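Comments concern the structure below.
The values are calculated or read from the model by the stated rules, or taken from the named source; none is laboratory data. Quick caveat: nothing in here was measured; it's all calculated off a predicted structure. Neighbour counts run over all protein chains shown; Cβ positions are idealised from the backbone, glycine included.
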Amino acid sequence: MTSGAVDARPGARHTPVHSVLLEPQLVAGVEKPFAIVNATLAVVFVADLHVWVWLPVAALVHLLLRRATRRDPFMRAVYIGYNRQADAYDPWAHAPAGGNGARPRGWGRGQLC
């Protein structure tokens, strides 16, 4: 292998992967869903309800979200994955609930694999 090369084999395939495809989309340093919710709440409170005090609150929330995103950009993805897990992990495989998994007739039903 030469220095700086990933693979020195002739005809080796190299596929560039850009960081934009791997990292979450950010709006002003905050993940896009969080930024949209924060901006929507700010528009509703300020434009519709005339609660002008909400502008500094929204700015502070944005700064806190930016700080959390800087520490861990995949915070939301990890949290969503954690919430989708079951409360208890059962490491054993179980038969599907739809039946006993028998093969159709004519496809070796009743024979060992």
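Table: residues versus (1) exposed (fewer than 10 other Cβ atoms within 10 Å of the Cβ); (2) touching a strand residue (DSSP E or B) at 6+ places or on another chain (Cβ under 6 Å); (3) part of a loop (DSSP other than H, G, I, E, B).
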{"site": "PHE34", "(1), (2), (3)": "no, no, no"}
{"site": "VAL37", "(1), (2), (3)": "no, no, no"}
{"site": "VAL43", "(1), (2), (3)": "no, no, no"}
{"site": "TRP52", "(1), (2), (3)": "yes, no, yes"}
{"site": "LEU55", "(1), (2), (3)": "no, no, no"}
{"site": "LEU60", "(1), (2), (3)": "no, no, no"}
{"site": "LEU65", "(1), (2), (3)": "no, yes, no"}
{"site": "ARG70", "(1), (2), (3)": "no, no, no"}
{"site": "TYR89", "(1), (2), (3)": "yes, no, yes"}
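The listed residues are LEU22, LEU60, LEU26, and the only one of them that is at pLDDT 85 or above and touching a Ser or Thr at 6+ places or on another chain (Cβ under 9 Å) turns out to be LEU26.
In region 42-73, of all residues being charged (D, E, K, R) and in contact (Cβ under 8 Å) with a residue 12 or more places away in the chain, the one that is farthest from LYS32 (Cα to Cα) corresponds to ARG70.
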